[in-house]
Amino acid sequence: MRTEKLKQEIKDYAKEIGIDKIGFAAADVFTELKERLRRQQELEYQSGFEKGSIEERTEPQRLLPEAQSIISIALAYPTRMKNAPKSTKEERRGLFARASWGMDYHDVLRNRLEKLNAFILERVPNAVNKVMVDTGELSDRAVAERAGIGFSGKNTSIITPEYGSFVYLGEMITNIPFIPDEPIEDGCGDCRKCLDACPTGALIEGGQLNAQRCIAFLTQTKDYLPDEFRTKIGNRVYGCDTCQQVCPKNKGIDFHIHPEFEPDPDISKPKLIPMLRISNREFKEKFDYISGSWRGKKPLQRNALIALGHYKDKTAVEEMIEVMKKDPRPVIRGTAAWSLGKIGTNQAFEAIKEAMKFEKDEQVLVEMEKGLEFNKEASIL
């Protein structure tokens, strides 16, 4: 009875401090997830960003030996931008996924969980708790599913009845033996809209993701983007929302509950050309507070170059030529050359040929050849 009373007090306090959903789960081994992760590893579907071993990701007591329960929380974030700037021919813009709008959610959720932790310790001084938000070993989604926050959709997102899948997740492992909440029944049924809409076929039947093909993952990599995906990312500079946007459970969903998550339109839809030669200091000042900056400026600049190629933005040609000639990073020079070829002006092709005379990096030269291939394709047509 004492634990049930505490559980209700925690739920009430969670509402007070701006937690939209809270659920309680047993700290048992995530057996089904363990098998799925092993299968994912065998198929080489992992992103490489995962933290910890499969055992650490599925056995809470490896992370907190005294673990009895896990408290899962969710905060909703907006899906529509107020006063969103238009991308025009004179001023092309990129796009950050909605999960990177506003302040870095890791900081916001960690703040809420730390408050919750302090609240629990006031009532149970000998409680042992461990807080995690996304970067911890446990799967936030598996915990949220077990705790009744929502069900795991075919798009591999947790889908809540109230806020759809547009929620951030975090959890706290504790040695307090709370009575678990009931999981929510799967709501996808025969629907496969997300699977059909995924631009790269990254979603696999049975709710599995091949991270190596997922645009959200690919936009965060630092090397050359594989050729087959360059025409798929469009104007995305970070992340991808396609599988969430097409989900019927997300129809009409748009919550502006937390001021911290409100996007700055000029950051969430940044002008592409200024991104090409932004300094480290300028990047830090402008983008450092959002979650989409965690990999640094290089992946975002590479994606901006690809986006300008996607738009065939002739106004960007001179700036891109400068980048191709002078940027010290081979990936950026090479991507600039490819994108210049994609834009396809005579000035772009001549600049690529000229730059090839001085380029020493073999892969950059390969990318320059790819850029020139667009000229041959155009002549055939």
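Normalised by the residues of segment 175-255, what does the relative contact order come to in percent, with Cα pairs under 8 Å and at least six apart? List each step's numbers first, then the result.
Working: 59 pairs, mean separation 23.1, N = 81.
After rounding, I find 29 percent.
Determine the alpha carbon to alpha carbon distance for each of Lys5/Lys115; Lys86/Lys251; Lys249/Lys314 and list only those over 30 Å. Mind showing how you got there, number by number?
Working: Lys5/Lys115 19 Å; Lys86/Lys251 23 Å; Lys249/Lys314 40 Å.
Checking Cα-Cα distances, Lys249/Lys314 exceed 30 Å.
DSSP loop trypsin sites (Lys or Arg not before Pro) in segment 318-381 with at most 10 other Cβ atoms within 10 Å of their Cβ, which ones? Intermediate results must be reported in sequence, preceding the final value.
On the way: sites: Lys325, Lys326, Arg333, Lys342, Lys353, Lys357, Lys360, Lys370, Lys376; in loops: Lys357, Lys360.
Answer by residue number: Lys357, Lys360.
Using a Förster radius of 35 Å, what is the FRET efficiency between Gln61 and Glu228 based on their Cβ-Cβ separation? Nearest 0.05, please. Provide the component values of the computation, followed by the final result.
Details: r = 42 Å, r/R0 = 1.21.
Working from the Cβ atoms, E equals 0.25.
I want to verify a result. In a Gaussian network model of the chain, Cα cutoff 10 Å, which of these has the top mean-square fluctuation: Gln41, Gln61, Gln212?
Looking only at Gln41, Gln61, Gln212, the biggest GNM fluctuation is shown by Gln41.
Order 183-191, 88-96 from most to least packed using the mean count of other Cβ atoms within 10 Å. Can you show the working numbers first?
On the way: 183-191: 12.7, 88-96: 17.0.
Listed from highest to lowest mean packing, they are 88-96, 183-191.
Positive end of the dipole of the chain, charges at C-beta (+1 Lys, Arg; -1 Asp, Glu), about the Cα centre: which of Pro125, Tyr77, Gly189 has its Cα farthest in that direction?
Projecting each Cα onto the dipole axis, the largest value belongs to Tyr77.
Counting residues in segment 270-365 as N, plug N into 2.2 N^0.38 Å and put the Cα Rg over that result. Could the numbers behind the result be given before it?
Numbers: Rg = 13.3 Å, N = 96, 2.2 N^0.38 = 12.5 Å.
So segment 270-365 has a normalised radius of gyration of 1.07.
Return the subset of Lys15/Lys286; Lys51/Lys342; Lys269/Lys297; Lys82/Lys326; Lys89/Lys232; Lys89/Lys269 for which the Cα-Cα distance in this structure is over 26 Å, preserving the input order.
Numbers: Lys15/Lys286 32 Å; Lys51/Lys342 37 Å; Lys269/Lys297 15 Å; Lys82/Lys326 38 Å; Lys89/Lys232 20 Å; Lys89/Lys269 15 Å.
Over 26 Å apart, Cα to Cα: Lys15/Lys286; Lys51/Lys342; Lys82/Lys326.
Within the chain, what percent of beta bridges assigned by DSSP are antiparallel, to the nearest 5?
Roughly 90 percent of the DSSP beta bridges within the chain come out antiparallel.
Find the relative contact order for the chain and round it to a whole percent, using C-alpha pairs within less than 8 Å whose residues are 6+ positions apart. Intermediate values should be presented prior to the final figure.
Numbers: 689 pairs, mean separation 73.2, N = 381.
Relative contact order here is 19 percent.
Starting from the Cα of Lys251, step 7 Å toward the Cβ, then list every residue of segment 154-179 with an amide N under 20 Å from that point.
154-167
What's the magnitude of the charge dipole for segment 1-156 around its Cα centre, counting Lys and Arg as +1 and Asp and Glu as -1 at the beta-carbon? Answer in Debye, nearest 20. Don't skip to the end; give the middle numbers.
Numbers: 28 positive and 25 negative charges, 143 e Å.
Roughly 680 debye, rounded to the nearest 20.
About its Cα centre, what dipole magnitude does segment 312-381 give when the only charges are +1 on Lys and Arg Cβ and -1 on Asp and Glu Cβ, stated in debye to the nearest 20?
Numbers: 12 positive and 14 negative charges, 4 e Å.
Charge dipole, segment 312-381, about its Cα centre: 20 debye, nearest 20.
Post the alpha-carbon centroid distance, segment 142-217 to segment 59-93, in whole angstrom.
13 Å
Suppose every K and R has +1 on its Cβ and every D and E has -1 on its Cβ; what is the size of the dipole of segment 70-217 about the Cα centre, in Debye to the nearest 20? Kindly include the intermediate steps, with their values, before the conclusion.
On the way: 18 positive and 19 negative charges, 142 e Å.
It comes to approximately 680 debye.
Among Met275, Gly18, Ser291, pick out the residue whose Cα is farthest towards the positive end of the charge dipole of the chain, where Lys and Arg carry +1 and Asp and Glu carry -1 on C-beta, about the Cα centre.
Met275
In terms of Cα to Cα distance under 16 Å, which aspartates and glutamates are near enough to Lys284, apart from those fewer than 8 places away along the same chain?
Excluding near neighbours in sequence, the set is Asp104, Asp264, Asp266.
Read-outs: derived from the displayed coordinates by stated rules, not from any lab. In this text the structure is predicted, and so the values were computed from the model without any measurement. Cβ: placed from backbone, ideal geometry, glycine included. Neighbour counts: every protein chain shown.
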